[in-house]
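See structure below.
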Amino acid sequence: MSRRFTALVVVAVLLAAPLLLGNAFLQRVAALVMLAAISASAWNLIGGYAGQVSIGHAVFFGAGAYSALLVYKLTDWPPIAGAPVGVAVSLLLACVIGLPTFRLRGHYFSMATIAVAELIRIVVSNWQFVGAAVGLMGPAVPRSLADLSFLSPLPYFYLFAAVLAVLLFLTWQMQRSRMGFYLGAIRAGERAALSLGVPVLRYKLLALLLSAGFTALAGSLYAVMVGFVDAESALGILISVQMVIIAALGGAGTLFGPLLGAAILIPLQETTNALFGGGGTGLTYIVYGAIILLIARFRPGGLLELLHWRRRRVA
Amino acid sequence: MPNVRRRLLLLAGLLAAPSLPVIAPPAAAEDTVKIGVIEPLSGGAASAGQAIKAALELGTEIVNTPYPDMQGLPLAAGTGFPGLGGRKLELDYADNQGSPAVGQNQALRLITQDHVVALFGAYQSGITLTTSAVAERYGIPFLAPESVATNLTERGFKWFFRTTPIGPDIARAYIGFVLDQRKQGRKIDSVAIVNDTTEYGTSIAEVIKKQADAEGVKVTQNVTYNVNATDVSSQVLQLKQASPDLVIFISYTSDAILYARTMKNLDYRPPIVIGDDSGFSDPSFIESVGDLVQGAINRSAFAPGRPGTLSYKMNALYHQRFGRDLDETSARSLQGFFVLVDAINRAGSTDPGKIQAALRATDMKPAQLFTGYNGVKFDDKGQNTESAMLLTQLQGKDYVAVWPQAEATGSLQLPYAGWK
């Protein structure tokens with residue numbers, strides 16, 4: 001009861017927050033928090049719940065982002081029309097990447113995902129059809145409402161929040177279903193899970209497919225908002241790493257962990273820039289590094305764990 | 001439920017903490033004119049961004065304090081903007097971190113929060129694309145002094161202005177030089193282009209081929225390779241076999257160095273070598289293989305020139321302050337900066353619409369410029385139609401301006417010497 005109440009209040013506060021900010025820049029930061037929360041929550045399905053730490057999710061993000069602008073370039077349709085294409089492509093990619101790499105465990109799996117992502121980044125940056133090194137651009141000026149190109153960041157915020165809500169609802173359902181328990185078992189020990197009759201490969205693949213689909217959707221939404229994509233900004237390793245850091249900061253394998261992580265990291269990234277613009281360059285990365293160190297040393301379970309631990313003690 | 005409240009408080013604190021500093025914007029002097037500058041101050045292109053920032057700091061000082069020595073340069077003589085009652089200039093820097101999304105965000109911040117009157121930047125073409133789209137929608141003038149991607153001025157934007165020469169200008173300079181040499185009786189019947197397969201390599205090669213075709217110069221060979229190559233002997237052997245009259249290299253630093261070494265090892269000396277900007281301009285290239293590529297011809301929008309000229313004085317000021325010569329990219333940046341402040345001054349207002357109108361009416365003459373442009377004048381797309389470049393030649397440890405004749409500070413030495 002109290003838990004559901006907390007969740008409700010948090011959601012209400014989050015939804016109202018950008019209205020109170022009344023400043024386009026801060027509203028946009030809020031929209032970016034939602035966007036980052038979508039991709040980190042999507043990563044969380046395979047990386048958190050199933051414990052398969054992929055550092056190559058930029059592949060799916062890139063598939064979504066590129067599909068949106070490629071569909072626009074080829075057909076002149078609004079970029080968002082490319083979102084289903086991006087999801088389809090990334091599901092296909094998930095199968096192609098997942099089946100062989102799932103045979104690897106732990107660090108070897110992570111390294112394999114990095115390798116695949118880098119490979120695809122290099123191929124894309126040399127492939128004329130998708131703009132090679134120049135990248136692809138969206139409509140320079142919005143032609144209709146369907147282009148989803150708004151001056152105010154608020155429509156983006158609510159669009160992203162809605163997608164996030166769907167994703168979190170699905171995750172919540174999954175968490176309580178058989179699949180949630182299977183993934184927990186896989187995370188705790190693949191061999192043990194297998195010996196107990198858990199169809200490990202099938203469920204890992206299922207989690208990856210769900211994860212890839214939503215990551216691609218995040219990529220499409222990104223492309224729609226930013227209106228430009230190139231290999232570095234959509235397929236770069238930093239995209240993958242950011243999903244991992246955000247989820248780990250808030251709490252990997254928890255429902256609201258990625259959202260919390262995004263709400264802390266994204267504003268941090270933007271405000272260090274605002275504060276130190278000319279002077280403290282690179283400070284963002286120093287802060288990133290410090291956060292990773294602190295989490296790894298003191299709170300491997302993420303910040304949400306801190307809250308749960310407090311509750312347990314009070315109870 | 002005290003535990004719930006505590007948890008909520010904690011959560012709220014965590015959510016609010018990072019955004020606190022921005023809610024209270026730093027107090028700024030009321031009467032300055034603010035221009036937003038978005039450059040790569042961290043990330044892969046940070047060294048270029050920092051050099052640009054240094055040049056712009058010098059530029060701000062020239063605007064804000066009297067520099068009577070810099071005759072012709074707009075706003076140098078007095079303090080601040082005379083057109084705005086002597087108000088001073090303030091540059092508001094933002095780091096684009098090499099990301100189109102971050103750049104876009106910073107553009108929004110500079111416009112809506114810091115209320116800058118114009119935006120300036122953003123080095124990487126992709127980031128210039130996204131940041132200028134924000135400026136366009138808010139109706140704020142955007143001046144791009146460095147980015148060369150052709151599509152930037154093909155978007156039909158009304159608030160976008162670009163001072164730098166772009167691909168076609170580069171091609172015009174090279175082919176113009178070839179035609180000039182032919183006129184003087186030098187035989188240039190076959191041209192080879194060597195380029196990597198990056199955006200830079202392919203696009204520059206493309207425009208040169210196009211221009212050559214139009215002017216009746218035959219490109220007989222196009223050798224391509226992958227960037228950061230480990231071996232280029234087969235490419236050099238291909239060239240040696242065909243022995244063209246002119247070879248144009250479009251390469252980044254490490255590849256340019258590799259070509260210089262390989263050509264020495266295989267004893268190949270084409271009659272004329274052009275090395276397009278990037279790799280051949282890098283100080284580390286000249287440091288490591290300068291002795292092997294004597295007489296290589298390069299392009300530049302800036303050369304310090306003869307004593308007494310504006311470019312010479314600007315370079316001297318920069319050198320005195322930072323202990324190194326003004327590099328080509330920073331020079332283009334600084335030139336764009338002076339075009340923008342001149343327009344703001346002529347507008348006599350900080351109203352974006354008036355600044356836009358003043359930019360449109362820009363007509364600067366070579367005497368007001370320190371780069372090799374023939375002037376600054378914008379077409380309907382916002383591209384500077386008078387931008388041009390000069391050709392330089394590596395003689396010893398320095399590039400010396402050799403073409404066109406009017407701006408030459410040294411004499412052209414052909415054929416290509418390579419190593420002694």
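The values are calculated or read from the model by the stated rules, or taken from the named source; none is laboratory data. Quantities reported herein were computed from a predicted structural model and do not represent experimental measurements. No Cβ is skipped: glycine too gets one built from the backbone with ideal geometry, and neighbour counts run over all protein chains shown.
Structure notes:
- Test: residue in region B:359-369 that is of a type in the set (K, R), surrounded by fewer than 17 Cβ atoms within 10 Å (Cβ to Cβ) and part of a loop (DSSP other than H, G, I, E, B): yes
- A single entry from B:L91, B:L129, B:L108 fulfils the requirement of being part of a helix (DSSP H, G or I), among the aliphatic types (A, V, I, L, M), assigned by TED's automatic domain parsing to the domain that holds B:D363 and in contact with a strand residue (DSSP E or B) (Cβ under 6 Å, 6 or more places away or on another chain): B:L129.
- Among the residues listed as B:G348, B:G372, the single one being over 19 Å from the mean Cα position of the chain (by Cα) and either touching a residue at least 60 places away in the same chain (Cβ under 8 Å) or closer than 20 Å to B:A149 by Cβ (or both): B:G348
- Qualifying residue in region A:76-99 (condition: assigned to a helix (DSSP H, G or I) and touching an Asp or Glu at 6+ places or on another chain (Cβ under 9 Å)): yes
- Test: residue in region B:295-310 that is of a type in the set (V, I, T), in a helix (DSSP H, G or I) and modelled with pLDDT under 90: no
- Selection count, region B:147-163, where residues are more than 11 Å from every other protein chain (Cβ to nearest Cβ) and crowded, with 24+ Cβ neighbours inside 10 Å: 3
- For the residues B:R261, B:R269, B:R186, the requirement of being surrounded by fewer than 21 Cβ atoms within 10 Å (Cβ to Cβ) and assigned to a helix (DSSP H, G or I) singles out B:R261.
- Scanning region B:362-378 for residues that are β-branched (V, I, T) and more than 14 Å from B:S311 (Cα to Cα) turns up B:T362, B:V376.
- Residue match in region B:202-215 (condition: touching a residue at least 60 places away in the same chain (Cβ under 8 Å) and either under 24 Å from the mean Cα position of the chain (by Cα) or buried (at least 17 other Cβ atoms within 10 Å of the Cβ) (or both)): yes
- Residue within region A:92-101 that is within 14 Å of chain B (Cβ to nearest Cβ) and in contact (Cβ under 8 Å) with a residue 60 or more places away in the chain present: no
- Filter pass, B:L246 being touching a residue at least 12 places away in the same chain (Cβ under 8 Å), surrounded by fewer than 21 Cβ atoms within 10 Å (Cβ to Cβ), touching a helix residue (DSSP H, G or I) at 6+ places or on another chain (Cβ under 9 Å) and away from every other protein chain (no Cβ under 14 Å): no
- Filtered residue count, region A:251-265, keeping only those that are more than 8 Å from chain B (Cβ to nearest Cβ) and either outside any helix (DSSP H, G or I) or modelled with pLDDT under 90 (or both): 7
- Region A:125-162 - residue that is within 14 Å of chain B (Cβ to nearest Cβ) and among the polar types (S, T, N, Q) and, of those, nearest to A:G62 (Cα to Cα): A:S125
- Count of region B:246-278 residues which are aliphatic (A, V, I, L, M) and touching a Lys or Arg at 6+ places or on another chain (Cβ under 9 Å): 4
- Test set (1) in contact with a Phe, Trp or Tyr (Cβ under 9 Å, 6 or more places away or on another chain); (2) farther than 16 Å from B:F338 by Cβ - B:Y93 fails condition number: (1)
- Flag for A:R143 being surrounded by fewer than 17 Cβ atoms within 10 Å (Cβ to Cβ), out of contact with any Cys (no Cβ under 7 Å at 6 or more places or on another chain), within 30 Å of A:L69 (Cβ to Cβ) and of a type in the set (D, E, K, R): yes
- Among the numbered conditions (1) away from every other protein chain (no Cβ under 14 Å); (2) crowded, with 21+ Cβ neighbours inside 10 Å, the only one that B:A77 does not meet is (2).
Yes/no matrix, rows are residues, columns are (1) more than 10 Å from every other protein chain (Cβ to nearest Cβ); (2) under 21 Å from A:G98 (Cβ atoms):
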| site | (1), (2) |
| --- | --- |
| A:A7 | yes, no |
| A:A17 | no, no |
| A:Q27 | no, no |
| A:M34 | yes, no |
| A:G56 | yes, yes |
| A:A63 | yes, yes |
| A:A68 | yes, no |
| A:Y72 | yes, no |
| A:P84 | yes, yes |
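- Of the residues making up region A:149-169, just one is aliphatic (A, V, I, L, M) and at pLDDT below 85, namely A:L151.
- Only one of B:I204, B:I193 that is β-branched (V, I, T) and at pLDDT 90 or above: B:I193
- Any hit, region B:268-291, residues being under 20 Å from B:E199 (Cα atoms), out of contact with any Asp or Glu (no Cβ under 9 Å at 6 or more places or on another chain), in contact (Cβ under 8 Å) with a residue 24 or more places away in the chain and among the β-branched types (V, I, T): yes
- Inside region B:370-399, residues that are assigned to a strand (DSSP E or B) and under 30 Å from A:A140 (Cβ atoms) make up a count of 4.
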